[in-house]
């Protein structure tokens, strides 16, 4: 199998999903990496496990733009003719994978957690259902972050670097204006030894003080899954997950969090994970060291009282 991985990077740093896909590609066969950007060739040195890095440089590729990146990626796939294309199932990858599938008439299987030459396993409904799709090459798979170990894709080496001229990328209707990042000044959850993390199960903003009191007793801080942030109950700086922050506390106490793959990616490396969820089939229990289906509204006040 010839597998093409689309490297994802931001602010001069390769994202973990790139190394996850690279490790998987090496299991499947020959691994090629499509690296798009401007003055980003130095990133190829970090892709030691790759057999080949195809680097495309253009000022129009300096910042992610679905139009320009889509045109560039299409040119690379047409030139390299891979059997499998692996793209991260991220905010960037979801734009690219769907467009590439249409442009090249290649089937796309999304939310992939496992990839083989003849089948792709997808995780749906927040991880509550796995669906196996039969496929034949060539095809595209968009991979959920956290599906494969990133360390498998890291390593020393000197991959062949082939520079490829970019196609005409002018005239794009979508223009990059600015990257908006969270403001500083809040608690840095990446440095906290203990996190009490809340999800949909907390029900409403009025119940947050209960979690904050428990976190205070434990000497930690409150963090949250994406729905809490989307509802603006807590600032973006408290979000754990692929689109938030990756944390590795000594204790991660998950209250009312189902365990969607995007959230798991942000906290799976915690030393100790304790999950509280009334749904015994919640995916979070697949990753927790300890768990209980006791109602958090019964457990948290009792635990706070004991502390």
Helices (runs of 4 or more DSSP H) contained entirely in segment 205-301, each with at least 2 residues that are within 30 Å of residue 142 (Cβ to Cβ) and in contact with a helix residue (DSSP H, G or I) (Cβ under 8 Å, 6 or more places away or on another chain): 226-230, 261-267
Subset of segment 235-251 that is more than 17 Å from residue 144 (Cα to Cα) and within 21 Å of the chain's Cα centre (by Cα) - its residue that is surrounded by the fewest Cβ atoms within 10 Å (Cβ to Cβ): 235
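Results for (1) surrounded by fewer than 13 Cβ atoms within 10 Å (Cβ to Cβ); (2) within 18 Å of the chain's Cα centre (by Cα); (3) under 17 Å from residue 263 (Cα atoms); (4) assigned by TED's automatic domain parsing to the domain that holds residue 105, shown as yes or no for each residue.
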site	(1), (2), (3), (4)
133	no, no, no, yes
140	no, yes, no, yes
156	yes, no, no, yes
173	yes, no, no, no
Filter result (within 28 Å of residue 116 (Cβ to Cβ) and part of a helix (DSSP H, G or I)) within segment 36-60: 44, 46
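The values are calculated or read from the model by the stated rules, or taken from the named source; none is laboratory data. These numbers come from a predicted model, not from an experiment. Cβ: placed from backbone, ideal geometry, glycine included. Neighbour counts: every protein chain shown.
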